[in-house]
Amino acid sequence: MNDKKLIITGVIIFIFILIFPFLYNLGGTTEFIDPVLSEKAKAAKFCVVPKEDMKVEHMQILDVWRDTVVRKGERVYVNSDGKKFTMSLSTGENSCLGCHNNKAEFCDRCHDYASVRPYCWDCHTDPKEIK
Amino acid sequence: MNVNYMLSFIIVLALCLLSYLGGEAPGLRYLFGIAIPYLAIVIFIFGFISRVMGWARSAVPFRIPTTCGQQKSLPWIKPNRIDNPFSKSAVILRMILEIVCFRSLFRNTRMAFKNTKTGMRIAYDWEIFLWVAALAFHYTFLVVLLRHLRFFFDPVPFCIQILEFFDGFLKIEFLSNVIQVGLPGIYISGVILLAAVTFLFLRRIFSPKVRYISLPADFFPLFLIMGIAITGIMMRYFTKVDIVGIKEFTMGLVSFSPALPEGVGGLFYVHIFLVSVLLAYFPSSKLMHLGGIFLSPTRNMTADTRATRHVNPWNHPVKVHTYEQYEDEFREKMIEAGLPVEKKE
Amino acid sequence: MADDLPKADDLLNKIDHNNSPPTSWMDTPVNIRKGMYCYASSPKSVKYLGLPNARPWNPLDDDWKLPDNWKEIVFEGLKERLDKFRSFKVFMDICVRCGACADKCHFFIGTGDPKNMPVLRAELLRSVYRNDFTKAGNLLGKIAGARPMTLDVLKEWWYYFFQCTECRRCSVFCPYGIDTAEITIMAREILNLLGLNIDWIATPVANCYRTGNHLGIQPHAFKDMLDFFVEDIEEITGVNCEPQYNKKGADILFITPSGDVFADPGTYTAMGYLLLFQYLKEKYGFDVTWSTYGSEGGNFGFFTSHETMKRLNSKMYAEAKRLGVKWILGGECGHMWRVINQYMDTMNGPADFLEEPVSPITGTRFENAKSTKMVHIAEFTADLIKHNKLELDPVRNDNVIATFHDSCNPARGMGMLDEPRFVLQNVCNNFHEMPPGTIREQTFCCGSGSGLNAGENMELRMAGGLPRANAVKYVHEKYGVNMLTCVCAIDRAVFPPLMEYWVPEVDVSGLHELVGNALIMQGEKKRTTDLRFEPLPGMEDEIDE
């Protein structure tokens, strides 16, 4: 019957779409290159909270920091060990970017890989980019 | 307590538990993370093909569209081109509207007996909730599915980024030190999907008619999808997972060089296992309406049978009562009544 | 009407749509109840047609006298039909039980019996399909919605598939277009393999096979009956109609359901045809013949099996070919037009011995019928009226306040909605539509279609006809509607008792009865009555004289 061809075409298209991710990656994928810790960060050894928590929680921490700074005017963060940090993303040597001074190799690497577009940079800038 | 949904609920719960343990036990991670997902995809593809080709093998002996509007007849009568399609292009339009907009479901009415002064009146009101929920469910499911493509492409295609942008358009954030919702940014599709699935579930529970017709097979996929949505939402907004690690894992899967992610907990294994179960279950279930709707003869055929002959591939000859046999039996009476006959004796 | 039929109010009050049995439908055995089923097929009729297992049997008996291997027959029957009909296979597989169809069925609305929800009706069969033809059903059984074939299941099939009129209303609302009519057709085919037909179908089919019409009217009697109408017409109009029978070389063959020559009020419609043809003959030399061999438009074979449908339908083309006509004109009938519109050409065509239908009066080419070569009389008459070829005096129908009932098959298997309305509004000044949701493609069945118009299942018929009657009641109360006009012979046969039961003040007519009333014949005398010998408005006194 003539509609069999049509049905087969439809099924082929459907399966093609379905397995497209496999086909696309047949040539092998580019391996993810881990973000690079700057010399300064390496030397510090410890961020504001442990690395594993930082990996998944940093967006919350930054958001709470923003609210605390903007609404309450407080600029000091105390972590569970009692250590104090300045709450700032990009201003000065004691800010996040002051330590992680390689945004492209540090922040962007993961964000780009996972297709995440934080709106930090709607307001903030990477101090390196200004000059 | 309804045995049908309890049964499905218990099965899905057991599946969750099983895969959670599987994800937590290092020895089983390979099975739940790699072997089962691959197997599920293979079952889905071959199952889907065999089901559709099974339908394709069956003949379409008659052209039986359900005509839902005025036919094309006299030139001065306006035909309903979509609901009574006379041409192939009209059928395509009808099918697109059916598949993309759920046109038939859009017509849905609710019947109610109403007491009036002059007695009982049966009223039929437009009932749109099922259509809204169905549409919301299917489209958000699609968006969620497409959004997940970010795990399978590197770099992530621009169109997926656009989709993520619009899906994440509502920047709802509620962040206190106690409860934190909204980061990473809320994808509205996931929320609507869960709401729609819940509505469809509650409808099956609370509408007496729908409850009576529901089988375990109707609750099972709802619970599965609910489980998938809940674990996904949990991972994204609450328990948090190492997203980069997961993408490395999924990229490994699609490039046939799978490697288990490190430091990813049981919840992720529940998520991926439920998806695998859904995929493997799909071809042997009612979910095949995805393919079947394209082949429904009451919708995908032209309503022009009187103008263009449809050919039945198995048009068997049948025994008929011929005019000669008829005249032989009634000839005398026909002659007597003055009716013309072929053979006069 | 049957004595034990409950009173209308009682029937209405006992309907409860939300009161399902406490047990699941699979565990609720069928209760074959008097008034809800039709008598079993007579062995004589089954035998005459050469269909299987002709024997006397009674649905109320435990023993249905089935062949020993009946389960095998059912299995093979299902298997064969799954291969032959994609519709059947797809509809078995893809229902999601969303319930959109549930309250669309007139039998569910009228009975509240959950197994009359189209989805459950189909599940009765689907459950067995899953058990026998799917792995999941075979392995998981009840959990997967599967159950083995048993005698109880068979009885349930018989009971409920003869409580479906194949009206297709559910199919309009189904998001996948699942058509319960199609499922009922298959179920009935399989039931027929075991000799489980109802007599109201089997005997008309046997009659039709032998005499050319369901009622078993033999050729001479058929002519007698029409002659009787000719006399009545002469008395009413003074015009002598001269119908032609079995005339070779006529331009057009006319076939209409035999119900219209047999019983009121269909007979008045037949008189309408006679008047119209006489009018056209005198004025335009219209040459049309009736046939006694092809004296049935309807096709109860359609309610038996595809094969039986084909066997009965074959007479139309055979007779057209024998008589050498140009094309075929079909009368007002419901399922007849589903068969002609969607099956006839495929089954018994191609009709290459006929010509593409052209109205000899207006020259209109009926391009929508160019292959099947059969035109509906409402299409034909609408075209005549549009071209001003008929002299009409609609005032003669002023005693009529009409509403129009779309018959299921012309509506949902054809889409003939506006043609009859156009004709009706040209011959009748008072016309009111029933509420939307009850007309056109959403029209409600009469409740007695697909061979269920017997006398013994009157309760079923009254319940199934409730939604239609209730919509009529609405326009009756709102606009004073007193005439339910339709283009279906079964409608004309079953609406009078239905109206008497639910809306006693409303009468029933065919479309061409009203055409016959309004048509100004050449040389007619002043009409004082309509075709029913009932006085015309303002003419009451003159009759007394």
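The values are calculated or read from the model by the stated rules, or taken from the named source; none is laboratory data. Bear in mind the structure is a predicted one, so any value in this text is a computation, not a measurement. Heads up, the Cβs are rebuilt from the backbone with ideal geometry, glycines too, and the neighbour counts pull from every protein chain shown.
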What number of residues within region C:1-39 satisfy the criterion of being out of contact with any helix residue (DSSP H, G or I) (no Cβ under 9 Å at 6 or more places or on another chain) and not charged (D, E, K, R)?
3
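Here is a yes/no grid of residues against (1) within 15 Å of the chain's Cα centre (by Cα); (2) outside the structural domain of C:LEU78 (by TED's automatic domain parsing); (3) not hydroxyl-bearing (Ser, Thr, Tyr):
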{"residue": "C:THR292", "(1), (2), (3)": "no, yes, no"}
{"residue": "C:SER295", "(1), (2), (3)": "no, yes, no"}
{"residue": "C:ALA320", "(1), (2), (3)": "no, yes, yes"}
{"residue": "C:GLY334", "(1), (2), (3)": "yes, yes, yes"}
{"residue": "C:LEU354", "(1), (2), (3)": "no, yes, yes"}
{"residue": "C:LYS370", "(1), (2), (3)": "no, yes, yes"}
Under 6 Å between Cβ atoms, which residue pairs at least 6 apart in sequence (or on different chains) link something in region C:258-275 that is in the same structural domain as C:GLU231 (by TED's automatic domain parsing) and in contact (Cβ under 8 Å) with a residue 12 or more places away in the chain with a partner that is among the hydroxyl-bearing types (Ser, Thr, Tyr) and assigned to a helix (DSSP H, G or I)?
C:ASP260/C:THR269
In the set A:VAL64, A:VAL36, which member is more than 30 Å from C:PHE85 (Cα to Cα) and surrounded by fewer than 16 Cβ atoms within 10 Å (Cβ to Cβ)?
A:VAL36
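Of the residues B:LYS72, B:LYS78, which single one is in the same structural domain as B:ARG103 (by TED's automatic domain parsing) and out of contact with any Lys or Arg (no Cβ under 9 Å at 6 or more places or on another chain)? Give the steps one after another, and end with the answer.
Values: B:LYS72 fails: out of contact with any Lys or Arg (no Cβ under 9 Å at 6 or more places or on another chain).
Unique residue meeting the criteria: B:LYS78.
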B:GLU332 versus (1) assigned to a loop (DSSP other than H, G, I, E, B); (2) surrounded by fewer than 19 Cβ atoms within 10 Å (Cβ to Cβ); (3) more than 34 Å from the chain's Cα centre (by Cα): which is the lone unmet condition?
(1)
Pick from region C:358-391, criterion without any contact (Cβ under 8 Å) to a residue 12 or more places away in the chain and assigned to a helix (DSSP H, G or I), ranking: farthest from the other protein chains (Cβ to nearest Cβ)
C:GLU367
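Residues C:SER87, C:SER42: which one is touching a helix residue (DSSP H, G or I) at 6+ places or on another chain (Cβ under 8 Å), within 30 Å of B:ARG63 (Cβ to Cβ) and among the hydroxyl-bearing types (Ser, Thr, Tyr)? Please lay out each step first, then the result.
On the way: C:SER42 fails: within 30 Å of B:ARG63 (Cβ to Cβ).
Answer to the selection: C:SER87.
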Could you tell me whether C:CYS38 is touching a strand residue (DSSP E or B) at 6+ places or on another chain (Cβ under 7 Å) and either under 18 Å from C:TRP158 (Cα atoms) or crowded, with 17+ Cβ neighbours inside 10 Å (or both)?
yes
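So which of B:PHE330, B:PHE294 ends up being of a type in the set (A, V, I, L, M, F, W, C) and assigned by TED's automatic domain parsing to the domain that holds B:LEU224? Show your work before the answer.
Numbers: B:PHE330 fails: assigned by TED's automatic domain parsing to the domain that holds B:LEU224.
Checking each option against the conditions leaves just B:PHE294.
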Quick one: count up the residues across region C:125-151 that are aliphatic (A, V, I, L, M) and without any contact (Cβ under 8 Å) to a residue 40 or more places away in the chain.
6
Pick out the one residue from B:ASP125, B:ASP83 that is among the charged types (D, E, K, R) and within 24 Å of the chain's Cα centre (by Cα).
B:ASP83
Across region C:427-444, what is the number of residues that are within 13 Å of chain B (Cβ to nearest Cβ) and polar (S, T, N, Q)?
3
Of the residues in region B:86-123, those that are over 25 Å from C:TYR176 (Cα atoms) and polar (S, T, N, Q) come to B:ASN115, B:THR116, B:THR118
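Within region C:60-84, how many residues turn out to be in a loop (DSSP other than H, G, I, E, B) and out of contact with any helix residue (DSSP H, G or I) (no Cβ under 7 Å at 6 or more places or on another chain)? Before you say what the answer is, go through the steps one by one.
Start the filter on region C:60-84 by keeping residues that are in a loop (DSSP other than H, G, I, E, B), which leaves C:60-69.
In the following step, the residues that additionally are out of contact with any helix residue (DSSP H, G or I) (no Cβ under 7 Å at 6 or more places or on another chain) were identified as C:60-66, C:68-69.
Looking only at that region, the number is 9.
Counting just the residues of region B:102-113 that are assigned to a loop (DSSP other than H, G, I, E, B) and not charged (D, E, K, R), which one comes out nearest to C:ARG421 (Cα to Cα)?
Going residue by residue through region B:102-113, those that are assigned to a loop (DSSP other than H, G, I, E, B) are B:102, B:107-108.
Still in the running and not charged (D, E, K, R): B:102, B:108.
On the way: B:PHE102: 30, B:ASN108: 25 Å.
Among those residues, the one meeting the criterion is B:ASN108.
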Show me the helices (runs of 4 or more DSSP H) entirely contained within region C:436-545 in which 3 or more residues are within 30 Å of C:LEU196 (Cα to Cα) and at pLDDT 95 or above.
C:458-464, C:466-479, C:489-502
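Residue-wise test of (1) touching an Asp or Glu at 6+ places or on another chain (Cβ under 9 Å); (2) farther than 21 Å from B:PHE165 by Cα; (3) at the interface with chain B (Cβ under 10 Å from one of its Cβ atoms).
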site	(1), (2), (3)
A:MET59	no, no, yes
A:ASP81	no, yes, no
A:SER95	no, yes, no
A:GLY98	no, yes, no
A:ALA104	yes, yes, no
A:ALA114	no, no, yes
A:CYS120	no, no, no
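Kindly check whether there is at least one residue in region B:129-141 that is at the interface with another protein chain (Cβ under 8 Å from one of its Cβ atoms) and of a type outside the set (Asp, Glu). Talk me through it step by step, then tell me what you get.
Initial filter on region B:129-141 (at the interface with another protein chain (Cβ under 8 Å from one of its Cβ atoms)): B:130, B:134.
Right, trim to of a type outside the set (Asp, Glu) and you get B:130, B:134.
Yes, because at least one residue in region B:129-141 is at the interface with another protein chain (Cβ under 8 Å from one of its Cβ atoms) and of a type outside the set (Asp, Glu).
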Looking at C:GLU282, is it acidic (Asp, Glu), surrounded by fewer than 24 Cβ atoms within 10 Å (Cβ to Cβ) and in contact (Cβ under 8 Å) with a residue 24 or more places away in the chain?
yes
Given (1) assigned to a loop (DSSP other than H, G, I, E, B); (2) within 30 Å of C:MET309 (Cβ to Cβ); (3) in the same structural domain as B:ARG51 (by TED's automatic domain parsing), identify the lone condition not met by B:HIS321.
(3)
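Can we say C:LEU196 is surrounded by fewer than 24 Cβ atoms within 10 Å (Cβ to Cβ) and touching a residue at least 24 places away in the same chain (Cβ under 8 Å)? Give the derivation first.
Details: surrounded by fewer than 24 Cβ atoms within 10 Å (Cβ to Cβ): no; touching a residue at least 24 places away in the same chain (Cβ under 8 Å): yes.
It is false that C:LEU196 is surrounded by fewer than 24 Cβ atoms within 10 Å (Cβ to Cβ) and touching a residue at least 24 places away in the same chain (Cβ under 8 Å).
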Given (1) within 14 Å of chain A (Cβ to nearest Cβ); (2) assigned to a loop (DSSP other than H, G, I, E, B), identify the lone condition not met by B:MET288.
(2)
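Let's see how each residue does on (1) surrounded by 20 or more Cβ atoms within 10 Å (Cβ to Cβ); (2) not hydroxyl-bearing (Ser, Thr, Tyr):
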{"site": "B:GLN70", "(1), (2)": "yes, yes"}
{"site": "B:PRO85", "(1), (2)": "yes, yes"}
{"site": "B:ARG94", "(1), (2)": "yes, yes"}
{"site": "B:ILE99", "(1), (2)": "no, yes"}
{"site": "B:SER104", "(1), (2)": "yes, no"}
{"site": "B:TRP126", "(1), (2)": "no, yes"}
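Residues that are in a helix (DSSP H, G or I) and within 9 Å of chain C (Cβ to nearest Cβ): does region B:80-101 have at least one? Working first, answer last.
So the first thing to find is which residues in region B:80-101 are in a helix (DSSP H, G or I), and the list is B:88-101.
Adding the requirement that they be within 9 Å of chain C (Cβ to nearest Cβ) leaves B:98.
The answer is yes; a qualifying residue exists.
Yes/no matrix, rows are residues, columns are (1) surrounded by fewer than 21 Cβ atoms within 10 Å (Cβ to Cβ); (2) without any contact (Cβ under 8 Å) to a residue 40 or more places away in the chain; (3) away from chain A (no Cβ under 14 Å):
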site: B:ILE205; (1), (2), (3): yes, no, yes
site: B:PRO208; (1), (2), (3): yes, yes, yes
site: B:ILE213; (1), (2), (3): no, yes, yes
site: B:GLY227; (1), (2), (3): no, no, yes
site: B:LYS240; (1), (2), (3): yes, yes, no
site: B:VAL244; (1), (2), (3): yes, yes, no
site: B:PHE256; (1), (2), (3): yes, yes, no
site: B:GLY263; (1), (2), (3): yes, yes, no
In region A:79-102, what residues are part of a loop (DSSP other than H, G, I, E, B) and within 18 Å of A:GLU57 (Cα to Cα)?
A:ASN79, A:SER80, A:ASP81, A:MET87, A:SER88, A:LEU89, A:SER95, A:HIS100
